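Quick notes on the structure that follows.
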């Protein structure tokens, strides 16, 4: 008998012990650069032969150390990330690159930088608008980032090397999109829970190894006979970050999660970085305009005096309607982390928007602790009862 | 043919046993207590005794509430939201909005033709729940059942600005030392709780008829404050604690009859009327 789950088993192992591979690579003399948000242009890290490693919080770890640095009524993910850093959970990291994805991350980054002595720490500002002048500003930011990282790496990076890194990461994006093709059949060939394990693994591996893993998972999933069972609902999940299997398993106890538009899902992989003459132009365009995260308000018409609500909804969330149709979803869950203002502001509009095309939706708030999982389960089950 | 609904809430465990025609044979309420979910079997024994029934005479058992996963003799678990919605709509067929204020949560359900179509629930915070009133009552040295009647004597509108249970408690102590009257303070607290729950409910766009349930609906002061905050009339069931268990029993009947009509293998499966030995 041919074993058809080798790739998935590998992903499961990596998920359970994310740092294992980068620690090996570090022992071989490589430098590991952590990043807490997908707005960090990992292509530049790869181009300088450094290894990008996504840092997360840890829901199972009670926040204790971060209390001395951050307010309590504050983004629980950032509190958890800083807490893990203060406890040296990712002590193998050689440096951190943070961004202004939202105010809590910006402020936390500053605290992070002052409390922990990394040999390299860089902060990238990102404009919160899609106005044309934002591109110029952001390009300056990543140019600064490139220079700072060059001096940390002790070498310069050519445009050709950046282009090669973009191609590798675009390859990863194409493979993840291929992975999400596998959830389109009924039943899906791969579960949302399995995909989350794979995505989290990708963010813990050098890009080439991640691409190999993806190739293996995709060919396995197409051939295996023990894939997911069909559930009564096909869900679209939308969230800031969804980084724990516990939550995905709660969703998938009564539904198939067919597409997850979050940091633990397809968000970082939906579009490609364009290969421009100056590779920083392509990166700028991608990171400012292509990523759909609630941290940027995508208004329909810039500077409009009187807003057209439905036109704005279309501009802000049109991609979600397309995705819901493409994956044939019959329900949507918007998962909200407590105190996450950028995502919370989207809720009433997003609910109105989904109502306008007839897909039932609900939003569920949790506070990034294990203790919030039981109430979360009740809300998920109740929602599935309303659409079942 | 008999059906059972078992609602294990954070504070109270409720069981309704009924016939196919919805005649209620027994309705038992007991404290959930610190042993929490393990004692559903004891309450069930009481309910069976009252109805002079044996467990194997019950065609289908639905468990609901926070403890729903730990009822070894249940045939199916359904969330308290669906069960409340079903129970309320059986008592008030024209209901469109149901608000339930329980021991540790407040929830609001939109109902269309007897079926829940949308809902909101508070987060895990005691503001806007029965626990808020319990804590305040103990601070004031009165019984929680007395709060309603005392507050109705209030003549002065007192604003309690904190909705956080702990801060509200501090505010109450400060108001007492300012020499404010007990009835005005309690009325102010009812107003604070009601405005929080009404705010939650408004996220769903409230439509009449509006029904209020849960243990807190027994507090006449809260009922008045909720009417004022929502700006509409409220319907209250005769026993506002039992709608979840009643809905669970009705859903038990509906699932059972549906399974029968589809020719699915008949229930009951082997049930155990014993303490739950596992926890999720």
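Here, each number is a calculation from the coordinates, and none is a lab measurement. Quick caveat, the model's predicted, so the values are computed rather than measured. Neighbour counts are summed over all protein chains in view; Cβ atoms, including those assigned to glycine, are modelled from backbone coordinates with ideal geometry.
Across the range A:201-307, counting alpha-carbon atoms alone, Rg and Dmax equal 17.9, 57 Å.
Applying 1/(1 + (r/R0)^6) with R0 = 41 Å to the Cβ-Cβ distance of residue A:9 and residue B:254 gives a FRET efficiency near 0.45. On a 0 to 90° scale, report how tilted helix B:40-51 is relative to the longest principal axis of chain B, with both axes built from alpha carbons and the result rounded to the nearest 10. So the inclination is approximately 70 degrees. Placing a label point 7 Å from the Cα of residue B:205 along the Cα-to-Cβ direction, the residues of the range A:311-340 whose backbone N falls under 20 Å of that point are A:311-318, A:321, A:331-334. What shape does the range A:130-176 take by its C-alpha gyration tensor, where a ≥ b ≥ c are the square roots of the eigenvalues and a/c under 1.5 counts as rounded, a/b above b/c as prolate, and the rest as oblate? Here the range A:130-176 falls in the oblate category.
Secondary structure note: in the protein assembly as shown, about 40% of the DSSP beta bridges are antiparallel. Considering all C-alpha pairs of the range B:147-191, those separated by over 12 Å amount to 53%. Taking 1.002 mPa s as the viscosity and 20 °C as the temperature, the Stokes-Einstein diffusion coefficient of the range A:166-387 based on its alpha-carbon Kirkwood radius rounds to 117 µm²/s.
In terms of its alpha-carbon gyration tensor, the range A:159-216 comes out prolate; a/c meets the 1.5 threshold, and the first ratio a/b outweighs b/c. Convex hull volume of the Cα atoms of the range B:1-102, normalised per residue: 89 Å³.
Within the protein assembly as shown, all pairs of alpha-carbon atoms sorted by distance into 10 Å bins from zero give the percentages 3, 14, 22, 23, 18, 12, 6, 1, 0. Once the Cα atoms are used to define both axes, helix B:165-177 deviates from the longest principal axis of chain B by about 40 degrees. Each label point was placed 7 Å from the Cα along the Cα-to-Cβ direction; for residue A:144 and residue B:228 their separation is 5.4 nm.
Largest first, the three principal axis extents of the alpha carbons in chain B are 67, 38, 31 Å in whole numbers. So what's the back-of-envelope 222 nm ellipticity for chain B, counting only DSSP H runs of four-plus at -39500 (n - 2.57) apiece and dividing by all residues, rounded to 500? For chain B, the value works out to -12000 deg cm²/dmol.
Normalised size of the range B:96-230, defined as Cα radius of gyration per 2.2 N^0.38 Å with N residues, equals 1.03.
Average 1/r across all pairs of distinct alpha carbons in chain A, invert it, and you get the Kirkwood radius: 21.5 Å.
By DSSP, the beta bridges lying fully in the range B:98-232 are antiparallel in about 75 percent of cases.
Simple spin-label estimate for residue B:161 and residue B:264 gives 5.5 nm between the two label positions (7 Å along the Cα-to-Cβ direction from each Cα). With R₀ fixed at 25 Å, the C-beta to C-beta distance from residue B:153 to residue B:177 puts the FRET efficiency at about 0.75. Note on the range A:21-161: Cα-Cα pairs beyond 19 Å make up 53% of the total pair count.
Taken over the C-alpha atoms, the range A:345-388 has Rg and Dmax values of 12.1, 35 angstrom. Working note: Debye formula, equal point scatterers on the alpha-carbon atoms of the range B:42-137, no solvent; log10 I(q)/I(0) at q = 0.11, 0.21 Å⁻¹ is -0.43, -1.09. Under the simplified labelling scheme, the residue A:278-residue A:155 pair shows an inter-label distance of 2.5 nm, with each label point 7 Å from Cα along Cα→Cβ. With contacts taken as Cα pairs under 8 Å and at least 6 residues apart, chain B reaches a relative contact order of 25 percent. The calculated Kirkwood hydrodynamic radius for the range A:81-160 is 14.0 Å, given to one decimal from all distinct C-alpha pairs. Once you keep just the Cα pairs under 8 angstrom separated by 6 or more residues, what percentage relative contact order results for the range A:257-388? This gives 18 percent for the range A:257-388. Listed peptides A:278-287, A:364-373, B:169-178, A:313-322 appear in the order A:278-287, A:364-373, A:313-322, B:169-178 once ranked by packing, highest mean of other Cβ atoms within 10 Å at the front.
With the largest listed first and rounded to whole Å, the semi-axes of the equivalent ellipsoid of the range A:294-361 from the Cα gyration tensor are 20, 16, 10.
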